[in-house]
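The structure under discussion appears below in the form of structure tokens.
The values are calculated or read from the model by the stated rules, or taken from the named source; none is laboratory data. For clarity, every value in this text was computed on a predicted model and none was experimentally measured. Here the Cβ is made from the backbone with ideal geometry for all residues, glycine too, and neighbour counts use every protein chain on show.
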């Protein structure tokens with residue numbers, strides 16, 4: 001193992017993995033360009049890079065910098081990666097896209113092993129490299145939302161999601177992999193949401209993939225509704241459709257919400273950078289609201305009938321359990 005003090009003091013060493021059994025944190029060396037070019041901060045996208053190990057016990061010697069940390073939580077397929085990329089402005093903000101170590105901590109939490117002190121120190125390590133850090137965790141790490149907000153009491157959060165039919169379409173167009181993914185999400189969400197639907201395990205098993213997807217969307221919504229109601233001064237919402245339709249206005253509202261201190265010229269540079277005209281997960285591919293709609297129209301005939309049926313069914317389920325799925329406190333309509 002390398003000198004822990006030197007690793008913890010050097011922002012180029014990024015905390016990457018948490019080994020719960022060995023109580024070790026793996027650090028990976030990343031420069032600014034590597035961060036910006038990686039779709040997500042996971043092994044799949046980071047490849048072979050220099051790595052080193054630091055015992056968890058050594059993190060107790062680390063004092064987190066006072067840099068602000070804010071969060072971009074999401075329900076998947078809602079342009080959160082796009083927004084996190086746009087918010088990544090050297091000299092101002094580090095936009096971190098799905099750090100793997102937060103998933104590792106979420107996995108431990110799902111096994112009943114929560115460590116608020118370790119989470120606090122990991123978030124402090126993620127904050128070393130820029131004046132302000134906006135972290136976009138994976139939606140699988142939403143189990144840690146309350147804890148992340150608790151250990152970072154000055155942090156603000158943005159909850160991103162898409163409309164039900166857009167979410168169903170995104171799952172459907174990914175074919176078998178989207179359907180496998182959404183069933184995994186259901187197994188993660190259902191135990192902690194426990195919506196009073198009255199469905200037995202056998203009835204859930206008989207539901208179609210898109211019905212399961214609809215329930216995942218509804219469970220995410222229920223979770224986000226509770227967050228907005230519980231911490232209205234710290235949480236705002238954002239629908240993907242609003243971001244795509246009003247890019248500059250919404251981006252400016254998000255920047256104000258996170259108190260990023262952008263001047264007009266900073267916003268001009270972001271809007272001229274092409275970030276909003278490039279596919280966030282397929283770097284180099286031109287993609288905007290028009291392209292998104294063309295793609296939907298082109299493929300919609302294959303799924304439109306089923307999506308409409310599932311949307312009506314989810315509306316009935318929401319009515320049965322007394323849930324109004326609309327999210328309140330949108331970031332571009334509520335003063336910070």
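Observations, loosely collected:
- Test: residue in the range 48-69 that is surrounded by 22 or more Cβ atoms within 10 Å (Cβ to Cβ), within 23 Å of residue 240 (Cα to Cα) and in contact (Cβ under 8 Å) with a residue 60 or more places away in the chain: yes
- Qualifying positions in the range 143-166 - in contact with a strand residue (DSSP E or B) (Cβ under 8 Å, 6 or more places away or on another chain) and within 15 Å of residue 75 (Cα to Cα): 145, 157, 158, 159, 160, 161, 162, 163
- Being in contact (Cβ under 8 Å) with a residue 60 or more places away in the chain, closer than 30 Å to residue 64 by Cβ and in a helix (DSSP H, G or I) is a property that does not hold for residue 158.
- Which numbered condition residue 237 fails, given (1) in a helix (DSSP H, G or I); (2) at pLDDT 95 or above; (3) closer than 30 Å to residue 313 by Cα: (1)
- The single condition from (1) surrounded by fewer than 20 Cβ atoms within 10 Å (Cβ to Cβ); (2) modelled with pLDDT under 95; (3) on the phi < 0 side of the Ramachandran plot that residue 91 fails is (3).
- Taken together, the residues in the range 136-169 that are more than 16 Å from the chain's Cα centre (by Cα) and buried (at least 17 other Cβ atoms within 10 Å of the Cβ) amount to 7.
- Reported count of residues in the range 239-251, each being over 10 Å from residue 331 (Cβ atoms) and in contact with a helix residue (DSSP H, G or I) (Cβ under 6 Å, 6 or more places away or on another chain), is 3.
So that you can scan it fast, the table gives a plain yes or no per residue for (1) modelled with pLDDT of 95 or more; (2) in contact with a strand residue (DSSP E or B) (Cβ under 6 Å, 6 or more places away or on another chain); (3) closer than 30 Å to residue 89 by Cα:
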site: 193; (1), (2), (3): no, no, no
site: 224; (1), (2), (3): yes, yes, yes
site: 252; (1), (2), (3): yes, no, yes
site: 263; (1), (2), (3): no, no, yes
site: 269; (1), (2), (3): no, no, yes
site: 273; (1), (2), (3): no, no, yes
site: 280; (1), (2), (3): no, no, yes
site: 289; (1), (2), (3): no, no, yes
site: 293; (1), (2), (3): no, no, yes
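- Scanning the range 29-39 turns up one or more residues that are closer than 30 Å to residue 277 by Cβ and touching a helix residue (DSSP H, G or I) at 6+ places or on another chain (Cβ under 6 Å).
- Restricting the first member to the range 174-186 and to residues that are crowded, with 19+ Cβ neighbours inside 10 Å, and the second to residues that are not in a helix (DSSP H, G or I), the beta-carbon pairs closer than 8 Å and six or more apart or on different chains are 185/76.
- Matching strands (runs of 3 or more DSSP E) fully within the range 1-112 where at least 3 residues are over 21 Å from the mean Cα position of the chain (by Cα): 24-29, 51-55
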